[in-house]
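The values are calculated or read from the model by the stated rules, or taken from the named source; none is laboratory data. This is a predicted model, so every value here is computed, not measured. Cβ: placed from backbone, ideal geometry, glycine included. Neighbour counts: every protein chain shown. Please note that ligands, DNA and RNA were not included when accessible areas were found on the heavy atoms of the full protein model with its side chains. Shrake-Rupley method; radii C 1.70, N 1.55, O 1.52, S 1.80 Å.
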Protein chains: 2
Amino acid sequence: MAESPSAVSGILFVVSAPSGAGKTSLVRALLEVEQGLKLSVSYTTRAPRPGEVDGEHYHFVAGATFEAMIADGAFVEYARVFDNAYGTAEPALREVLQRGDDLVLEIDWQGARQVRERFADAVSIFVAPPSLAALEQRLQGRGQDSDAVIAGRMAKARDELSHLDEYQYLVVNDDFDVALAELRAIVAAERLRRPRQVARYQRALAEMLGPQGVEA
Amino acid sequence: MAESPSAVSGILFVVSAPSGAGKTSLVRALLEVEQGLKLSVSYTTRAPRPGEVDGEHYHFVAGATFEAMIADGAFVEYARVFDNAYGTAEPALREVLQRGDDLVLEIDWQGARQVRERFADAVSIFVAPPSLAALEQRLQGRGQDSDAVIAGRMAKARDELSHLDEYQYLVVNDDFDVALAELRAIVAAERLRRPRQVARYQRALAEMLGPQGVEA
């Protein structure tokens, strides 16, 4: 990423979890309490649902536009779900990060792998349920789905869980408030890493050490 | 460090700062609020002062014992200050860490370098003052020292500051409570790193993934 040495580039947080672990609620709560942290906005070919705002919930684009973006290599990751396509575009992420905002990307393990290839500094967090029983309960609690559907979700959840060893941090969502506090601690600590802090306090450090004394 | 895969080894935090940055007060406050975090106890050849307890404030040893420990390579770092010697013994640190407690080592940049050689996983934090003026004010505030003494301390502080690029985290102590909260976030986040968490939640994860599914 080309940037001047004084620019404080944002941090890209990648959060994965098996469905039912509570990731989406946790990330929503995290975004409410943490300033300077934004949710990545995906591109999609599906039609907006009532209340969805273009550029806020999704970038809604035509299928042909999406295909052209694929051909351009714009997507860090994309997936086709039934008749629709969803993707995370690299230029959109870089723009937010270069502005100095931090980003959260909610993504599965396959997407996370692709993100790591383009953003080596991405900070990856896995949110796990405290037990299979808790997971099953949450997956059942969602509606009146058949046992077969729930079993399918459980298999998918296990597959996602089996990749937790690819992540830097692990948050176990047993108590929502504890898990939220843990996510906040990770965000806070990553912001305290020396290169970022040196960039943030560059003027004060230059005064203390001389202009040659500090390098981000 | 030989340990069974299920053992959760403690984290070694190394904290350095120029004199006057407020490191000692911050670390003291951190130890009061964080459970499972202990201050490393140094060995010294100096006599106990009134109120000092052997094994708590220092391990008080005879000069000959200290020299024998040096010969044995027991010290991660040691220093001679006037007629006394002070040192951090590796076996004492390992014992605490293997018990699963986390440790804080207050040490200068030279000591920190030596610690990193023996404890590659040590987490290093540098505490900086917000400005030279703040530092000078704090160094002057300590007593009725001469300008020359204060100038000497300032030079030493600048030397310490010039090594902040060897540290993983940088905390700027402008507001004590903010700096303390930042130290707490670093401790919390380091405890949430995946290998530690996998060890901590090994039973739950084995239940979810099967015993072969997780490795610390």
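Measuring label to label, 7 Å along Cα→Cβ, what does B:Glu117 give against each other copy in nm, shortest first?
Once sorted, the set of distances for B:Glu117 reads 4.2 nm.
Using a 1.4 Å probe on the protein chains only, how many percent of the accessible area of the protein assembly as shown belongs to carbon and sulfur?
On the protein assembly as shown, the fraction of accessible area on carbon and sulfur atoms equals 48 percent.
To the nearest 100 Å², how much accessible surface do chains B and A hide from each other in total, with a 1.4 Å probe?
What B and A bury together is about 3000 Å².
Once you order the gyration tensor axes a ≥ b ≥ c over the Cα atoms, which shape class does region A:161-202 get: rounded for a/c under 1.5, otherwise prolate or oblate by comparing a/b with b/c?
oblate
Only bridges whose two residues both fall in chain B count here: according to DSSP, what percent of them are antiparallel, nearest 5? Don't skip to the answer; put the middle values down first.
Details: 8 of 27 bridges.
Roughly 30 percent of the beta bridges in chain B run antiparallel, per DSSP.
Averaged over peptide A:148-161, how many Cβ atoms belonging to another chain are found within 10 Å of each residue's Cβ?
1
Distance between Cα centroids, region A:14-49 to region B:101-176: provide it in whole Å.
Taking the Cα centre of region B:101-176 as reference, the centre of region A:14-49 is 39 Å away.
Can you give the net charge of the other residues whose Cβ lies under 13 Å from the Cβ of A:Gln114, counting K and R as +1 and D and E as -1?
Result for the local shell: -2.
Look at the axis of the rotation that sends chain A onto chain B, then give the chain A residue with the nearest Cβ and the distance in whole Å.
Result for the axis mapping A onto B: A:Ala189, 2.
Please give the charge dipole size of region B:34-176, origin at the Cα centre, charges +1 on K and R Cβ atoms and -1 on D and E Cβ atoms. Round to the nearest 20 debye.
Using Cβ point charges on Lys, Arg, Asp and Glu, region B:34-176 gives about 220 debye.
Answer with one residue from B:Ser131, B:Ala79, B:Ala188: the one whose Cα lies farthest towards the positive end of the charge dipole of chain B, charges on Cβ with Lys, Arg +1 and Asp, Glu -1.
Farthest towards the positive end: B:Ala188.
Measuring with a 1.4 Å probe in the full set of protein chains, what accessible area per residue, in whole Å², belongs to the protein assembly as shown?
Averaged over the residues of the protein assembly as shown, the accessible area is 50 Å².
Tell me what the protein assembly as shown gives for mean residue ellipticity at 222 nm when only DSSP H runs of n ≥ 4 count, each as -39,500 (n - 2.57), the sum divided by the residue total, rounded to 500 deg cm²/dmol.
For the protein assembly as shown, the value works out to -13000 deg cm²/dmol.
Give me the inter-chain shielding for B:174-185: mean count of other chain Cβ atoms within 10 Å, whole number please.
That works out to 2 on average.
Tell me, in nm to one decimal, what length is gained between A:Ser162 and A:Val81 on full extension, where the rule is 0.36 nm per residue of separation less the Cα-Cα distance?
27.0 nm
For label points placed 7 Å from Cα toward Cβ, what is the shortest-first list of nm distances from B:Glu52 to its copies?
Reported distances to equivalent positions: 6.9 nm.
With charges set only on the Cβ (+1 for Lys and Arg, -1 for Asp and Glu), what does the dipole of region B:49-113 come to about its Cα centre, in debye to the nearest 20?
Charge dipole of region B:49-113: 120 debye, to the nearest 20.
Between B:Ala64 and A:Ser25, what is the label-point separation in nm under the 7 Å Cα-to-beta-carbon projection?
Placing both labels 7 Å along Cα→Cβ, they lie 6.8 nm apart.
Counting only other chains, what is the mean number of Cβ atoms within 10 angstrom of the Cβ of each residue in peptide A:186-198?
The mean count of partner-chain Cβ atoms within 10 Å per residue comes to 6.
Inter-copy label distances at B:Thr24, 7 Å along the Cα→beta-carbon direction, one decimal in nm, shortest first?
Result, one decimal in nm: 5.4.
With a Förster radius of 25 Å, plug the Cβ-Cβ distance of A:Gln35 and A:Arg116 into 1/(1 + (r/R0)^6) and report the FRET value to the nearest 0.05.
The pair A:Gln35/A:Arg116 has a calculated efficiency of 0.45.
Suppose R0 equals 30 Å; then what is the FRET efficiency for B:Gln137 and A:Glu95 from their Cβ-Cβ distance, rounded to the nearest 0.05?
0.10
According to the square roots a ≥ b ≥ c of the eigenvalues of the Cα gyration tensor, what is the shape class of chain B, taking rounded for a/c under 1.5, prolate for a/b larger than b/c otherwise, and oblate for the remainder?
Details: a/c = 2.29, a/b = 1.42, b/c = 1.61.
Because a/c hits 1.5 or more and a/b fails to exceed b/c, chain B counts as oblate.
Any idea how far apart A:Ala206 and A:Asp72 come out in nm if each label point goes 7 Å out from Cα toward Cβ?
Inter-label distance under the simple model: 3.6 nm.
What is the magnitude of the charge dipole of region A:125-216 about its Cα centre, with +1 placed on the Cβ of each Lys and Arg, -1 on the Cβ of each Asp and Glu, and no other charges, expressed in debye to the nearest 20?
480 debye
Counting Lys and Arg as +1 and Asp and Glu as -1, what is the net charge of the other residues whose Cβ lies under 13 Å from the Cβ of A:Ala62?
Net charge in that neighbourhood comes out at -1.
Can you give the net charge of the other residues whose Cβ lies under 12 Å from the Cβ of B:Val33, counting K and R as +1 and D and E as -1?
Local charge sum for B:Val33: -1.
Full-extension gain between B:Ala47 and B:Ala181, please, as 0.36 nm times their residue separation minus the C-alpha to C-alpha distance.
Contour length minus the Cα-Cα distance gives 44.7 nm.
Pairs of Cα atoms under 8 Å, at least six residues apart: use those to get the relative contact order of chain A, whole percent. Write out the running numbers ahead of the final one.
Details: 303 pairs, mean separation 65.5, N = 216.
Once divided by the residue count of chain A, the mean separation gives 30 percent.
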